[in-house]
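Asker: So that we are looking at the same thing, I have put the structure below in structure tokens.
The values are calculated or read from the model by the stated rules, or taken from the named source; none is laboratory data. Model, not experiment: these values are computed from the prediction. Please note: Cβ atoms are built from the backbone with ideal geometry, for glycine as well, and neighbour counts cover all protein chains shown. When the accessible area is computed, the model is the full protein with side chains, heavy atoms only, and any ligands, DNA or RNA have been set aside. Shrake-Rupley method; radii C 1.70, N 1.55, O 1.52, S 1.80 Å.
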Amino acid sequence: MGAAVTAPAAEQPLIPQPPATVARLRQAVSRIAPASLPAFTRELDQAADQSRQGSDPAPLRRFVTQWAVYVHIQRQPGPAAGFRRWENAAETGDPAQARQAAAEIGRLLDDAHTAVGLPTR
């Protein structure tokens, strides 16, 4: 019997993709990106206020979508590092590099939307 082939630990997701609920996403963010918890809470409060004021669940749906995509990327060391590299490249001031960075970030976001079962932009 042969040994199972697995990806190196650095390529394995840090956690499984959680269901797209506020509680499960908060738990995931606290594990993989605890420094982002204040932003998560602030944005959740804003989305909840907007939903209440307009009697419309759309702001909460956008919040859940945004953070499900964030968690999907951040839980994977390779894509997370690539995303950070492209964000840094976009800030160099070089227009050609900024365009390439925007295209690559867009591709990563589209891939994440697809992976978590959400429509792309």
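Asker: Please work out the FRET efficiency for the pair Thr114 and Ala35, using the Cβ-Cβ distance as r and a Förster radius of 30 Å; give the result to the nearest 0.05. Walk me through the numbers on the way to the answer.
Answerer: Values: r = 27 Å, r/R0 = 0.89.
That gives a FRET efficiency of 0.65.
Asker: May I ask you to derive the relative contact order of the chain, considering only C-alpha pairs under 8 Å and at least 6 residues apart, and to give it as an integer percent?
Answerer: Values: 102 pairs, mean separation 29.9, N = 121.
Reported as a whole number, the value is 25 percent.
Asker: Considering only protein heavy atoms, what is the solvent-accessible area of Glu43 at a probe of 1.4 Å, reported in Å² to the nearest 10?
Answerer: Around 50 Å² of this residue is reachable by solvent.
Asker: On full extension of the chain, what length is gained from Thr21 through Gln53, given 0.36 nm per residue of separation minus the C-alpha to C-alpha distance?
Answerer: On the way: separation 32, 0.36 × 32 = 11.52 nm, distance 2.12 nm.
Taking Thr21 through Gln53 to full extension adds about 9.4 nm, to one decimal.
Asker: Ok, one more. Given a 1.4 Å probe, how much area per residue of the chain is accessible, in Å²?
Answerer: Values: 7670 Å² over 121 residues.
Dividing the accessible area of the chain by its residue count gives 63 Å².
Asker: Considering only protein heavy atoms and a probe of 1.4 Å, how much of the accessible area of the stretch 43-121 is carbon and sulfur, as a whole percent? Could the numbers behind the result be given before it?
Answerer: Numbers: 2410 of 4690 Å².
On the stretch 43-121, the fraction of accessible area on carbon and sulfur atoms equals 51 percent.
Asker: Under a point spin-label approximation (7 Å from Cα along Cα-to-Cβ), what is the Ala89-Arg42 distance to one decimal in nm?
Answerer: The two pseudo-label positions are separated by 2.8 nm.
Asker: If you take all C-alpha pairs in the chain, what percent of them are over 21 Å apart? Intermediate results must be reported in sequence, preceding the final value.
Answerer: On the way: 3556 of 7260 pairs.
Here the tail beyond 21 Å accounts for 49 percent of pairs.
Asker: What's the local net charge at Trp86, with K and R +1, D and E -1, over the other residues with C-beta under 14 Å away?
Answerer: Working: positive: Arg84, Arg85, Arg99, Arg107; negative: Glu87, Glu91, Asp94, Glu104, Asp110, Asp111.
Taking every Cβ under 14 Å from that of Trp86, the sum is -2.
Asker: Also, I was wondering about something else. Based solely on its DSSP helices, what 222 nm [θ] is calculated for the chain when runs of n ≥ 4 H residues each add -39,500 (n - 2.57) and the sum is averaged over all residues, nearest 500 deg cm²/dmol?
Answerer: Numbers: 5 runs with 81 residues, N = 121.
Mean residue ellipticity at 222 nm (helix-derived): -22000 deg cm²/dmol.
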